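Written out below as structure tokens is the structure these notes cover.
All of the numbers you see were taken from the coordinates with simple rules; none came from a lab. Bear in mind the structure is a predicted one, so any value in this text is a computation, not a measurement. Backbone-built Cβ (ideal geometry, glycine too); neighbour counts: all protein chains shown.
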Amino acid sequence: MASACAGLADQLYFSSSHLRDDPRAAARGIAPVHPECDVGDAIMLERTERFAPGTASAPLVPNVVLAGVRKCGTTSIFDWLSAHPTVATSPAKGTEFLMDRDSPYLDRELNYHQHGLAGYEHYFRDERHKPIRLDASTRYFDQETARTVLAGFDSPPHVIFVLREPAARGLSLFRYEKNNRRTIAPRATFSDFVHGVSGGRSTGLVLPDARTDRVWREIVQEFAHSRYVDYLLSWKALFPAERVHVYLFEDLQRDGRGFMQTLARDIGIDPAFYRDRRLAARNPSVSIRSPTIHRVVRGLVPAIPKNRLTRAVYDQYLRIQDSGTAERSPDEQPMLAELRRYYRSYNERLASEFALDLSPWQAR
């Protein structure tokens, strides 16, 4: 696995969007970024001209942002915060309003680059009376636009990150892509998956369709994101310390109510709301009973409006489809151990930079 880890290190380093301008990236076949505008200049224009004192009212912008990371319980946290009577949210998780111009996830119809901060009004105007406005866009984690625009607010928002032990997150991502999203070949093992990422090889792993390249880039990027400290330091450099909140998924698993009460206190809402509230997990990885039916349902998902009702219906569908028998293969434990060795130095830096107790990760 030594050679695989060397490949993994290269691939994870150069896959991150803020490192693709490195001239060495081209030698590895990774396209450089060519920004179309200077984000910092755009922010200053937004603050000094569009919303200068006496010219227009201040825009409705988020004061709490859930900015990462996927497969760390963020969908559940979004739902639980949405239920709080003082929190306004978008109809569905992930406005992705502040994505970089070159991101494939940029909403081409509603985004910061075209609409400025005034565009946020679309998400919060129906609940403008609520003091907390939440944007739960976990894809912001590596986005320069999100970091810089949010840090440029006169009063920067609280920025929330939830992190999971990286190897376990990789396994969860594999199961989610293979079972829930049906993007991974049925016979692929976790070992195949990791070796494919480390070697930059998707052939035989990702099921072919119109989204194949995008799906694979996203998977590689998610493995890079588990090198959390490299991304979080960019946020730490721009925000006041009291506005950056880093939590562990393992604490959420262990005591959901306690976790939410702590988070509520940190962002300034009443924690008592969560004291006796039933907190049902959302968006879990499942084992699908009928792949054929699931393929049809997944094909319909893009055409269905995203809102609380459709999320509830889809959750019920997943509960019916879940066979309850998680597929396991004998290669999982050795591969998990190898990934833990790979991420160890990054975890040590993370603990030091953010004063985190990562003992729940070491106990695995």
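Structure notes:
- Working from Cα pairs under 8 Å separated by at least six residues, relative contact order for the stretch 56-131 is 40 percent.
- Cα-based shape type of the stretch 52-152, given that a ≥ b ≥ c are square roots of the gyration tensor eigenvalues and the cut on a/c is 1.5: oblate
- Tensor-based shape of the stretch 56-113 (alpha-carbon gyration tensor, a/c under 1.5 rounded, otherwise prolate or oblate): oblate
- Computed from the Kirkwood radius of its Cα pairs, the Stokes-Einstein diffusion coefficient for the stretch 154-239 at 37 °C and 0.692 mPa s stands at 228 µm²/s.
- For the stretch 174-215, a Kirkwood hydrodynamic radius built from all Cα pairs, placed in the Stokes-Einstein relation at 4 °C and 1.567 mPa s, yields a translational diffusion coefficient of 127 µm²/s.
- Debye-sum result for the stretch 205-272 in log10 I(q)/I(0), which assumes one identical scatterer on each alpha carbon, at q = 0.16, 0.20, 0.21 Å⁻¹: -0.80, -0.92, -0.95
- Evaluated over the stretch 149-191, the Cα radius of gyration and Dmax, each in Å: 17.1, 52
- For the stretch 93-216, the fraction of alpha-carbon pairs lying more than 20 Å apart is 57 percent, rounded to a whole number.
- Using a cutoff of 8 angstrom between alpha carbon atoms and counting only pairs six or more residues apart, the relative contact order for the stretch 128-269 works out to 34 percent.
- A simple count of charges around residue 225, restricted to other residues whose Cβ falls under 13 Å of its Cβ and scoring Lys, Arg +1 and Asp, Glu -1, yields +3.
- q = 0.10, 0.13, 0.16 Å⁻¹, the stretch 135-284: log10 I(q)/I(0) [Debye, one scatterer per Cα]: -0.46, -0.75, -1.02
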